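Chemist: Pasting a structure below so you can have a look.
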Amino acid sequence: MSLTPVGLEHYLAVSAVLFCLGALGVILRRNLIVMYMSLELMLNAANLTLVAFSRYNNDLNGQVMVFFIITVAAAEVSVGLALIVALYRKRQTAHVEDLTSMKL
Amino acid sequence: MQDLFFYLFAALTLLCGFLVVANPFTRNPVTSAMFLVLTIISMAGLFVLLHAFFLAAVQILVYAGAVMVLFLFVIMLLDLKEEARRHLKSFAVVTGVLSVGALAALTLKTIWTSGVGQGLTPQIEGATGSLGKMLFTQYLLPFEIVSVLLLVAMVGVILLSKKDLK
């Protein structure tokens, strides 16, 4: 990539690569907590896209959207981690390959 | 100067993001969490470059502050040992990398050929004042709903982490 003046495309490219890294983490890692962190990475990539579009389209609605996404993500993380803790208490593992049956 | 900072923060974000997902030296979840903190902080730098100062502050406060502390608490609560190097099926690795690589190639090609940013100049100033005004006028109802959502999440977490889960 040559050092061209930074525009909207550059931010979108960074966000796309970050999203794909998160997806790769969800697919390849088998630890529930690390998979969860990869999900956070994907959410953050979406946030970056929204902020970049908001700046280049002169529209503040994108930033409000990011604000709400961050709030919902925080709530989602707390519930998800509580679920992981409850699951760990039952099964003593946080490894997805040990969690193949639906019965607790 | 701004472009230089963009490349610095973008490289830092992508490098740390990669180290969250696939650290070649260790599989320890704590290391992943620390690199996720670095990713989020450099992403806050990108937000500053986009003049979204309020969101940069919120990003650091909420993500690097609250969410990551939660992650680290849970990692320590579960006392996860370093993930044993289980044999990853090479078929799974190849197909996973291939599909995600195809997705990345498709998205990047679309971005570069669509000319989406052509003729657009950065204009908006992410002034905290106007953002707050929007939140409390146009977006008042969603704002209140989100606060109820946070309450629901809190009650749900307390219920879920009770010892005798029914």
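Chemist: For the range B:12-34, give me each residue that is more than 9 Å from chain A (Cβ to nearest Cβ) and not β-branched (Val, Ile, Thr). Please lay out each step first, then the result.
Modeler: Filtering the range B:12-34 for residues more than 9 Å from chain A (Cβ to nearest Cβ) gives B:12, B:15-16, B:19, B:23-26, B:28, B:30-31, B:34.
Residues satisfying the conditions are B:12, B:15, B:16, B:19, B:23, B:24, B:25, B:28, B:34.
Chemist: Filter the range B:110-166 down to the residues that are within 30 Å of residue A:80 (Cα to Cα), among the hydroxyl-bearing types (Ser, Thr, Tyr) and modelled with pLDDT of 90 or more and list them by number. Write out each step before concluding.
Modeler: Here is the first cut: in the range B:110-166, the residues within 30 Å of residue A:80 (Cα to Cα) are B:131-132, B:135-136, B:139-166.
Now drop any that are not among the hydroxyl-bearing types (Ser, Thr, Tyr), which leaves B:139, B:147, B:161.
Answer for the range B:110-166, where residues must be within 30 Å of residue A:80 (Cα to Cα), among the hydroxyl-bearing types (Ser, Thr, Tyr) and modelled with pLDDT of 90 or more: B:139, B:147.
Chemist: Can you tell me which condition residue B:50 does not meet? The list is (1) under 14 Å from the mean Cα position of the chain (by Cα); (2) crowded, with 18+ Cβ neighbours inside 10 Å, and all the others hold.
Modeler: (1) is the only condition that residue B:50 fails.
Chemist: Of (1) surrounded by fewer than 17 Cβ atoms within 10 Å (Cβ to Cβ); (2) at pLDDT 90 or above, residue B:100 satisfies all except one. Which?
Modeler: Every listed condition holds for residue B:100 apart from (1).
Chemist: Residues being under 11 Å from the mean Cα position of the chain (by Cα) and more than 8 Å from every other protein chain (Cβ to nearest Cβ): count how many of those fall in the range B:64-82. Talk me through it step by step, then tell me what you get.
Modeler: Start the filter on the range B:64-82 by keeping residues that are under 11 Å from the mean Cα position of the chain (by Cα), which leaves B:64, B:67-68.
Subsequent filtering for residues that are more than 8 Å from every other protein chain (Cβ to nearest Cβ) retains B:64, B:68.
Number of matching residues: 2.
Chemist: Here is a follow-up. Among the candidates B:36, B:61, which residue alone is within 18 Å of residue A:24 (Cα to Cα), within 18 Å of the chain's Cα centre (by Cα) and not polar (S, T, N, Q)?
Modeler: Details: B:61 fails: within 18 Å of residue A:24 (Cα to Cα).
Sole residue among the options that is within 18 Å of residue A:24 (Cα to Cα), within 18 Å of the chain's Cα centre (by Cα) and not polar (S, T, N, Q): B:36.
Chemist: Please go through the range A:1-28 and pick out each residue that is under 15 Å from residue B:29 (Cβ atoms) and more than 7 Å from chain B (Cβ to nearest Cβ).
Modeler: Let us first name the residues in the range A:1-28 that are under 15 Å from residue B:29 (Cβ atoms), namely A:25-26, A:28.
Result: A:26, single match.
Chemist: Find the residue count for the range B:24-47, including only residues that are surrounded by 17 or more Cβ atoms within 10 Å (Cβ to Cβ) and β-branched (Val, Ile, Thr).
Modeler: Within the range B:24-47, residues that are surrounded by 17 or more Cβ atoms within 10 Å (Cβ to Cβ) and β-branched (Val, Ile, Thr) number 4.
The values are calculated or read from the model by the stated rules, or taken from the named source; none is laboratory data. Quick caveat: nothing in here was measured; it's all calculated off a predicted structure. Cβ: placed from backbone, ideal geometry, glycine included. Neighbour counts: every protein chain shown.
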